[in-house]
Amino acid sequence: MTGFAFHNLGQDGAARRGRLVTAHGTAETPAFMAVGTAGTVKAMTADAVRATGTEIVLGNTYHLMLRPGAERVRALGGLHRMMDWPGIILTDSGGFQVMSLAKLRKIDEVGVTFRSHLDGSAHHLTPESSTAIQNALDATITMAFDECTPFPATHEQAAASMRLSMRWAERSRAAFEPRPGYGQFGIVQGSVFADLRAESAAALTGLGFEGYAIGGLAVGEGQQAMFDTLDVTTPLLPTDRPRYLMGVGTPDDLLGSIARGVDMFDCVMPTRAGRTGRAFTSRGILNLRNARFAAEDRPLDPACPCLACARHSRAYLHHLFRCDEMLGPMLLTTHNLSYYQTVMRGAREAIEAGRFAAYAAATRDAWSQGDDRHTL
């Protein structure tokens, strides 16, 4: 079994072209990871996810611990076998979901006591139990347990939250069971404050994680503030470890973050948008529910090779959504995830060729031109 490693294969400015090597295969970076919260990427089979070019899928500790339960997943052969995904799986620690979904939560030094949003049952999640649950799920990449600092926060509030997360990170690291090809990522916090981000990065790198995530962004601070925070954070992280920006974002967010040295991304945006009729394309975002598409007998995006674009018309996709047929969300989710992977593949090729800035500019220019029926 191979060891866990990140290889930096090339660089163009701060943008990095890399390869992540794990016990469950390799992933080319920059990489967009599909969100499979409850052990499935919504509206997609595992084969459909693979066909988009996706190499890493996410699972979530909070949701899977509530149902079907981590021990049941373990008894069924682990999450890889259960969801038909032998490739890389990254599991979120559950901290963000506890803060955003759980009822009657109480945070203290030990961890978080909360009631399930499903049935009100009481639970306690700590750095140790979160790490143990992720181990039971057989996650390739385990995330340290943290508190996602809300925005806005004062410097004092952000500092207290970040320092609690750093103490939890130390306990998460101690609880992690090292195995060949498996890794654990620490999560940099500190809101939009440069000094707190630097303090957090220093604390985490001292613990020697296999990778480093940047959390607490895309929570309302705006794109420029996010980019400014990345400008001061990514240079502080080890160059020989992967960098993961959590919960981001739009294709434009991805391009800007890659330019600032980020290697890995995840977001529910492409799959959630696909279920509601919104398509990301090479000419911007389209809402397939709009009446203008009812008679358009042409592909959603001729530049895209996915099933939705290669086999179906815009008129048919519009019809599916107007009739509330489940095939509509399935096809559009497949398209959106395929398009995100197309953007990532283009970024990798551009970095290799030393022309990432030109690629990003051309991609943004095409979005700005809009959906001209004569040129798309």
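The values are calculated or read from the model by the stated rules, or taken from the named source; none is laboratory data. Predicted model only: the values in this text are computed from it and were never measured. For neighbour counting, all protein chains shown are included, and Cβ atoms are generated from backbone atoms with ideal geometry for every residue, glycine included.
Remarks
- Residue list for segment 200-255, filter: at positive phi and aliphatic (A, V, I, L, M): Ala218
- Residues satisfying the stated conditions in segment 309-328, i.e. in contact (Cβ under 8 Å) with a residue 24 or more places away in the chain and not small (Gly, Ala, Ser): Cys309, Arg314, Leu317, His318, His319, Phe321, Arg322, Met326
- Per the conditions (1) part of a strand (DSSP E or B); (2) of a type outside the set (Asp, Glu); (3) more than 20 Å from the chain's Cα centre (by Cα), the sole criterion not satisfied by His117 is (1).
- Taken over segment 195-251, residues that are of a type in the set (Phe, Trp, Tyr) and under 18 Å from Pro150 (Cα atoms) amount to 1.
- Helices (runs of 4 or more DSSP H) enclosed by segment 38-96 - at least 2 residues per element that are polar (S, T, N, Q) and within 14 Å of the chain's Cα centre (by Cα): none
- Screening the candidates Leu64, Leu79, Leu101, Leu125 for the property of being more than 26 Å from Ala23 (Cβ to Cβ) and either outside the structural domain of Arg348 (by TED's automatic domain parsing) or free of Cβ contacts under 8 Å to residues at least 12 places away in the same chain (or both) yields one hit, Leu101.
- Criterion (assigned to a strand (DSSP E or B), among the hydroxyl-bearing types (Ser, Thr, Tyr) and in the same structural domain as Ala194 (by TED's automatic domain parsing)) met by exactly one of Thr131, Thr142: Thr142
- Within segment 313-356, the set of residues being part of a loop (DSSP other than H, G, I, E, B) and of a type outside the set (S, T, N, Q) comprises Cys323, Asp324, Glu325, Met326, Gly354, Arg355.
- Failed item, numbered, when Thr205 is tested on (1) over 15 Å from the mean Cα position of the chain (by Cα); (2) among the β-branched types (Val, Ile, Thr); (3) at pLDDT 95 or above; (4) buried (at least 22 other Cβ atoms within 10 Å of the Cβ): (4)
- Selection count where residues are among the polar types (S, T, N, Q), assigned to a helix (DSSP H, G or I) and surrounded by fewer than 23 Cβ atoms within 10 Å (Cβ to Cβ), scope segment 145-174: 2
- Hits in segment 74-116 - residues which are surrounded by fewer than 21 Cβ atoms within 10 Å (Cβ to Cβ), over 20 Å from Ala160 (Cα atoms) and charged (D, E, K, R): Arg74, Arg81, Asp84, Lys103, Arg115
- Residue in segment 316-333 that is farther than 19 Å from Leu288 by Cα, aliphatic (A, V, I, L, M), modelled with pLDDT of 95 or more and under 22 Å from the mean Cα position of the chain (by Cα) present: no
- The strands (runs of 3 or more DSSP E) located wholly in segment 227-298 that include 2 or more residues which are crowded, with 16+ Cβ neighbours inside 10 Å and not small (Gly, Ala, Ser) occupy 243-245, 264-266, 278-281.
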